[in-house]
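None of the figures in this text is laboratory data; all of them are computed from the coordinates on show. For clarity, every value in this text was computed on a predicted model and none was experimentally measured. A quick note on method: Cβ atoms are made from the backbone with ideal geometry, for glycine too, and the neighbour counts reach across all protein chains shown.
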Amino acid sequence: MPDDGTVFVVDDDAAMRHSLRRLIGSVGLKVETKKSAEEFLADVDPGWPGCLVLDVRMHGKSGLDLQEELARRDAARPIIFITAHGDVPMAVRALQGGAVDFLEKPFRSQLLLDRIRQALDRDQRERTRRAEQADLDARIGRLTPREREILEMVVAGMTSRQIAEDLGLSPKTVHVHRASAMARLGARSVADMVRLAVIAGVAPR
C-alpha cells in the first residue's frame, strides 16, 4: 500500500513498541514509535497522514488525553487503542471520540493489522475530502461580488427574471454573470452549480 502515511505507535512499554514496530513493518507499512504522548506531540507535524496505535494507560498524558488533545488542535487521526486494563467507560469514551477500535491485550496480530488498514483507509478518505473542500472553497472565493450575489439568489430558488428584477439588471446580464460563475466553479449545469454551492456552505440570499 504505497504512500498510505505513517502508523505511529505510542506506548511507554519498550518491548511492546519493538513488537508492534516489527509486526506493522512486516506488512510493508511505514511505522514510527514514540514512548509518550508528549514526545509524539513535540515531534510530529500536525499535518501528517496516517493513523495511531495508542496505549490507553501511559506515564504523563494517557492515550485518551492524546486523542482529546489532537481533536482540540484540529489534528485528529484515526486511532486504534490497545490496553491491558480496559473497562467499559474507557472504551465508550475512546469510541465516542472517533476511535476505530479498542483492543484488549492480548489481541490477535491479524486483527490489529486489519484495524490499521481500516484506519489508514479512513484517513485517506478524509484527506481526499478535505482537499476537495479546500479546492471548492478556493473556487467560490474567485467569484466576483456580483457573481456571488447571483449565486446566492440562484441557491434561494430565484429565476433569472426574478433576479434581474430584484437587482435592476437585464435578464441577459444575469445570464452572463451566472454563466461566468458556473465556469469559475467548474459546474456542468445550473443544478450542478447549486449542488457545489450547497456543499461549500453558500447560504441562500
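Values computed for the structure shown
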quantity: Isotropic mean projected area of the C-alpha convex hull, region 1-51 (nm²); calculated: 3.4
quantity: Set of lysines near Lys30 by C-alpha distance (under 30 Å), chain-local residues within fewer than 8 positions excluded; calculated: Lys61, Lys105
quantity: Potential extension, Thr159-Asp74 segment - 0.36 nm per residue separation minus Cα distance; calculated: 26.6 nm
quantity: Spin-label pair Ser109/Val27, simplified geometry with 7 Å Cα→Cβ offset, distance in nm; calculated: 1.1
quantity: Relative contact order for region 142-199, counting Cα pairs under 8 Å that sit 6 or more residues apart, in percent; calculated: 37
quantity: Point-to-point label distance, Arg195-Leu167, nm (Cα→Cβ direction, 7 Å offset); calculated: 2.4
quantity: P(r) weight above 24 Å for region 95-189, C-alpha pairs, percent; calculated: 50
quantity: Karplus-derived HN-Hα couplings along region 109-119 (A = 6.51, B = -1.76, C = 1.60, θ = phi - 60°), whole Hz, x at Gly and Pro; calculated: 4, 5, 4, 4, 5, 4, 5, 5, 5, 4, 5
quantity: Cβ-defined net charge surrounding Gly60, 10 Å radius [Lys, Arg +1; Asp, Glu -1]; calculated: -2
quantity: Ranking of Val100, Val27, Val44 by count of other Cβ atoms within 10 Å, fewest first; calculated: Val27, Val44, Val100
quantity: Pair His175, Arg188: separation of 7 Å Cα→Cβ label points (nm); calculated: 2.3
quantity: Radius ratio Rg over Rh of region 41-154, counting only Cα atoms, Kirkwood formula for Rh; calculated: 1.16
quantity: Share of pairwise Cα separations in the chain, more than 32 Å, in percent; calculated: 40
quantity: Percentage relative contact order, the chain, counting C-alpha pairs under 8 Å, at least six apart; calculated: 15
quantity: Share of pairwise Cα separations in region 142-199, more than 19 Å, in percent; calculated: 16
quantity: Volume per residue of the C-alpha convex hull in region 74-114, rounded to whole Å³; calculated: 70
quantity: FRET efficiency, Gln118 to Arg205 (Cβ-Cβ, R0 35 Å, nearest 0.05); calculated: 0.25
